[in-house]
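S.K.: Just passing along the structure, written as structure tokens.
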């Protein structure tokens, strides 16, 4: 078994964990959560999204959250679904941005009413603009294993998106099990093939725990050489466009497992467990 000496855990709770909550969460509570997570040792967090509040009301305070993150001096990632959102993120001085595209064409059309190819074409001016501002670009491949609408997602579909992201110059590519239907076998095989095809690309694993296989999928991904993983404090979150998908991989569970395996992280487990009750109190789904 390959056991890396160290991995990076990217905390996505403040954005991915809270964005779909039906009841409003105060900006002050979000700031409190981000501050506590920063004190626990996270070097990077996904904290907000510059999406129109009509579609994601929970992220309407993105400018204020970004300003707070800048005051804290933390490295944070902001989701920017289009060029207008990117311009807002640039104005807010966000150091890193993220874009999402579904490997499943069916999912992409149901999600944003565009084909995968059309979404990739829209990324061209966004990548050019972000690079001009020297902003780090995280590119998500959503539904990289299975899709609730079309079923199996082929490797070629994933490769098609990955090819374009690499050509455009993504700084890292996040491979998402968006509906939590992947298993360790397909995770290992798919990520191992991607790493062979793109040896100079930095990949991240993003797993949901719908069928309680997220931790097993992390171990499989590590066997393929992946050393960066997204997780959410308290296991908060889920994809609103994926029927039946539950929360993200719990940061506590991930940290507990890798610590037992002797894998180093920057995060203090004891401090993290103190945060969990507050994080869960923000969700109506826990």
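S.K.: Only one of (1) closer than 17 Å to residue 117 by Cβ; (2) part of a helix (DSSP H, G or I) fails for residue 191. Which number is that?
M.R.: (1)
S.K.: Continuing with this model, one more query. For the range 24-56, give me each residue that is more than 19 Å from the chain's Cα centre (by Cα), in contact (Cβ under 8 Å) with a residue 60 or more places away in the chain and within 28 Å of residue 83 (Cα to Cα).
M.R.: The one that is more than 19 Å from the chain's Cα centre (by Cα), in contact (Cβ under 8 Å) with a residue 60 or more places away in the chain and within 28 Å of residue 83 (Cα to Cα): 25.
S.K.: May I pose another question? For the range 147-171, name all the residues that are part of a strand (DSSP E or B) and surrounded by 20 or more Cβ atoms within 10 Å (Cβ to Cβ).
M.R.: If the condition is that a residue be part of a strand (DSSP E or B) and surrounded by 20 or more Cβ atoms within 10 Å (Cβ to Cβ), then 147 is the only one that fits.
S.K.: Any idea how many residues of the range 26-51 are in a loop (DSSP other than H, G, I, E, B), closer than 19 Å to residue 64 by Cβ and at pLDDT 95 or above?
M.R.: Qualifying residue count, the range 26-51: 2.
S.K.: Something else now. Which condition breaks for residue 138 when tested against (1) outside any strand (DSSP E or B); (2) at pLDDT 95 or above; (3) on the phi < 0 side of the Ramachandran plot?
M.R.: Going through the list (1) outside any strand (DSSP E or B); (2) at pLDDT 95 or above; (3) on the phi < 0 side of the Ramachandran plot, residue 138 breaks only (1).
S.K.: Okay, next question. Can you tell me which of 27, 80, 75 is touching a helix residue (DSSP H, G or I) at 6+ places or on another chain (Cβ under 6 Å) and within 30 Å of residue 145 (Cα to Cα)? Working first, answer last.
M.R.: Details: 27 fails: within 30 Å of residue 145 (Cα to Cα); 75 fails: touching a helix residue (DSSP H, G or I) at 6+ places or on another chain (Cβ under 6 Å).
So the residue among 27, 80, 75 that is touching a helix residue (DSSP H, G or I) at 6+ places or on another chain (Cβ under 6 Å) and within 30 Å of residue 145 (Cα to Cα) is 80.
S.K.: Still on this structure, I have one more. Using the structure shown, decide if residue 124 is outside any loop (DSSP other than H, G, I, E, B) and closer than 21 Å to residue 225 by Cα. Can you show your working first?
M.R.: Details: outside any loop (DSSP other than H, G, I, E, B): yes; closer than 21 Å to residue 225 by Cα: no.
No; evaluated as a whole, the condition is false for this residue.
S.K.: I need a count of the residues in the range 89-110 that are out of contact with any strand residue (DSSP E or B) (no Cβ under 7 Å at 6 or more places or on another chain), at pLDDT 95 or above and assigned to a helix (DSSP H, G or I).
M.R.: 2
S.K.: While we're on this one: So, in the range 222-249, of the ones that are modelled with pLDDT of 95 or more and not in a loop (DSSP other than H, G, I, E, B), which residue ends up farthest from residue 174 (Cα to Cα)?
M.R.: Restricting to residues being modelled with pLDDT of 95 or more and not in a loop (DSSP other than H, G, I, E, B), the top hit is 233.
S.K.: Would a scan of the range 232-246 turn up a residue that is without any contact (Cβ under 8 Å) to a residue 12 or more places away in the chain and surrounded by fewer than 15 Cβ atoms within 10 Å (Cβ to Cβ)? First the steps, then the outcome.
M.R.: To start, the set of residues in the range 232-246 that are without any contact (Cβ under 8 Å) to a residue 12 or more places away in the chain comprises none.
No, the range 232-246 contains no residue that is without any contact (Cβ under 8 Å) to a residue 12 or more places away in the chain and surrounded by fewer than 15 Cβ atoms within 10 Å (Cβ to Cβ).
S.K.: Please state which of the following conditions residue 86 fails to meet, knowing it meets all the rest: (1) closer than 28 Å to residue 37 by Cβ; (2) in a helix (DSSP H, G or I); (3) free of Cβ contacts under 8 Å to residues at least 40 places away in the same chain; (4) in contact with a helix residue (DSSP H, G or I) (Cβ under 8 Å, 6 or more places away or on another chain).
M.R.: Condition (3) is where residue 86 drops out.
S.K.: Please identify the pairs in which a residue from the range 152-179 that is on the phi > 0 side of the Ramachandran plot and modelled with pLDDT of 95 or more has its Cβ atom under 8 Å from the Cβ atom of a residue that is assigned to a helix (DSSP H, G or I) and crowded, with 17+ Cβ neighbours inside 10 Å, counting only partners at least 6 apart or on another chain.
M.R.: Pairs that qualify, where the first residue is on the phi > 0 side of the Ramachandran plot and modelled with pLDDT of 95 or more and the partner is assigned to a helix (DSSP H, G or I) and crowded, with 17+ Cβ neighbours inside 10 Å, are 169/127.
The values are calculated or read from the model by the stated rules, or taken from the named source; none is laboratory data. Nothing here was measured: the structure is a model prediction, and the numbers come from that model. Using ideal geometry, Cβ is built from the backbone for each residue, glycine included, and neighbour counts are taken over all protein chains shown.
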